1. Residues Leu138, Leu171, Leu149: which one is at pLDDT below 95 and under 22 Å from the mean Cα position of the chain (by Cα)?
2. Specify which of the listed residues (Pro7, Pro83, Pro21) is more than 22 Å from the chain's Cα centre (by Cα), open to solvent by 20 Å² or more (accessible area, probe 1.4 Å) and at pLDDT 80 or above.
3. Return only the number of the condition from (1) assigned to a strand (DSSP E or B); (2) modelled with pLDDT under 85 that Leu77 does not satisfy.
4. Would you be able to say whether some residue in the stretch 228-244 is among the charged types (D, E, K, R) and within 19 Å of the chain's Cα centre (by Cα)?
5. Could you tell me whether any residue of the stretch 37-46 is open to solvent by less than 20 Å² (accessible area, probe 1.4 Å) and either charged (D, E, K, R) or over 21 Å from Thr176 (Cα atoms) (or both)?
6. Given the criteria open to solvent by 70 Å² or more (accessible area, probe 1.4 Å) and touching a Ser or Thr at 6+ places or on another chain (Cβ under 9 Å), does Glu275 qualify?
7. Hey, can you tell me all the residues within the stretch 408-422 that are closer than 15 Å to His258 by Cβ and either buried (at least 20 other Cβ atoms within 10 Å of the Cβ) or free of Cβ contacts under 8 Å to residues at least 24 places away in the same chain (or both)?
Amino acid sequence: MSDSASPRTVSGRLPLLTASPDGRALLRSLTGLLARWLPRQRWFAGKGRPLGGLTLVAATELLPCTAAGHAPGLLHLLVRTRPPGADRATGDCYQLLLGVRRLLPPALAPALVGHPAEGPLRGRAVYEALHDPRLAALLLERFRAPGRLGSLRFGRAPGSAIPSGLTARLLTGEQTNSSVVYGEAQILKLFRRVSPGINPDLELPLALAEAGCSRVPAPSAWFEAAFADGEPLTLGVLQPYLVGSRDGWQLALSALSHRADFSAAARSLGRATAEVHTALAAALPTSVLGRHELERMAEAMTRRLAEAARAVPALRPYRDGLSRAYAALADYARRGGTCVVQRLHGDLHLGQVLHAPAAESAGGAWSVIDFEGEPARPLTARREPGPPVRDIAGMLRSFDYAACQDRTGGAWAAAWSRASRAAYCQGYAEASGHDPLEQRELLLAYETDKAVYEVLYEARHRPAWLHVPMAAIRRLAQARL
């Protein structure tokens with residue numbers, strides 16, 4: 001297979017390697033296997049929708065895949081899936097790392113994709129390479145020696161320490177991406193569904209590192225697909241692994257199970273959030289929204305509520321009460337209210353923060369991770385500035401979600417959530433000088449909008465959890481304005 005096939009551009013955005021004979025043969029040999037394998041993966045976004053076809057965007061051999069002997073090959077693919085009847089430029093682009101062996105060891109049998117019946121890999125075993133510690137370790141070595149290979153470009157932060165010879169371990173339970181831990185030193189986040197443009201999970205931590213913000217692990221290295229035409233696609237980010245840390249969701253559930261107050265931890269988390277927001281505002285551009293922008297924001301929230309109420313009947317009795325929050329935001333705008341917007345985390349909740357107890361005395365207990373934003377949203381939308389209260393509202397909703405997991409707590413769990421929410425806002429105000437509760441119209445509108453989104457999500461994907469956002473809907477519909 002050749003790495004030097006000349007790419008051509010589809011819709012001016014993503015190049016295609018099917019112009020080469022080897023590329024066409026590779027695609028034919030893998031299409032059927034991948035069409036069956038892809039929909040079964042946790043990170044595949046097209047579940048429940050028919051798969052009309054696959055297009056090979058790019059292919060790079062990281063290790064020779066057709067050499068004699070028993071050494072494994074490693075193939076990096078970018079493939080575009082498309083719905084039935086759509087053209088080749090339509091659909092999602094996925095990143096795949098495939099191992100190739102003559103014989104697959106029994107330990108790797110669960111990772112099998114299949115055996116191509118034709119093409120350059122005919123008769124060989126093709127499997128998910130990240131399950132193979134030997135192949136996953138090769139990626140770490142590529143980061144240690146940055147440069148270009150085929151369409152792939154590897155970069156490394158100046159002065160970053162990347163040890164060699166670390167054992168690779170694939171983490172389980174990932175939903176939209178894949179993560180590999182190397183020893184106890186580094187963790188690689190591999191983006192599965194990729195789009196042209198820098199991913200905010202690389203862009204924002206790099207900006208924060210340059211600004212000297214220690215709340216976010218600084219990227220050690222990264223890699224991307226780079227073509228002659230169009231923007232590069234961020235493929236993965238290597239960062240220090242925070243050994244011994246626990247995520248905020250685990251800590252909150254543990255506190256609830258032991259009937260323990262969480263206010264001190266929530267207050268500290270509020271300070272950490274404010275420090276990240278302050279650093280982002282200093283490192284990247286900000287702007288101010290005036291009347292017309294805020295009125296359009298309130299109108300968009302109102303439309304989302306109407307759409308959700310049409311899809312989820314349980315929401316309909318509360319529509320008028322919830323709409324008052326959006327009307328209050330519009331009135332705030334008409335009275336001359338403004339709103340500063342900046343780059344944000346974009347999907348902040350208790351699962352996106354890590355707590356290191358040993359660092360508590362140094363004031364560094366909380367770290368913020370996963371700046372990718374909501375993966376279902378387009379990359380361009382995830383990179384748009386927004387009000388800080390959007391992140392704050394997400395965390396406040398997360399406290400409610402945690403409290404609702406405690407089915408026996410009743411009033412105690414509800415009080416736990418209220419205390420945690422108040423402490424979080426207090427900590428944020430202490431570190432930023434801006435109390436989120438002072439812009440009540442903004443915070444209430446964003447929290448309401450988030451709860452409406454949660455109702456729609458849970459109704460579609462986790463009906464057993466619908467009671468969680470519905471409890472917030474009932475409260476928010478009666479909120480004082």
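The values are calculated or read from the model by the stated rules, or taken from the named source; none is laboratory data. What you are looking at is a predicted structure, and each value in this text was computed from that prediction instead of being measured. When we count neighbours, we look across all protein chains shown, and the Cβ atoms used for this are built from the backbone with ideal geometry, even at glycine. The protein model used for the area step is the full one, side chains on, heavy atoms only, and it has no ligands, DNA or RNA in it. Shrake-Rupley method; radii C 1.70, N 1.55, O 1.52, S 1.80 Å.
1. Leu171
2. Exactly one residue qualifies, and that residue is Pro83.
3. With respect to (1) assigned to a strand (DSSP E or B); (2) modelled with pLDDT under 85, Leu77 is out only on (2).
4. Scanning the stretch 228-244 turns up no residue that is among the charged types (D, E, K, R) and within 19 Å of the chain's Cα centre (by Cα).
5. No - not one qualifying residue is present in the stretch 37-46.
6. Yes; evaluated as a whole, the condition is true for this residue.
7. Answer for the stretch 408-422, where residues must be closer than 15 Å to His258 by Cβ and either buried (at least 20 other Cβ atoms within 10 Å of the Cβ) or free of Cβ contacts under 8 Å to residues at least 24 places away in the same chain (or both): Thr408, Trp416, Ser420.
Yes/no matrix, rows are residues, columns are (1) hydrophobic (A, V, I, L, M, F, W, C); (2) crowded, with 22+ Cβ neighbours inside 10 Å:
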| position | (1), (2) |
| --- | --- |
| Trp366 | yes, yes |
| Val389 | yes, yes |
| Asp406 | no, no |
| Tyr424 | no, yes |
| Glu438 | no, no |
| Leu442 | yes, yes |
| Val452 | yes, yes |
| Met470 | yes, no |
| Ala479 | yes, no |
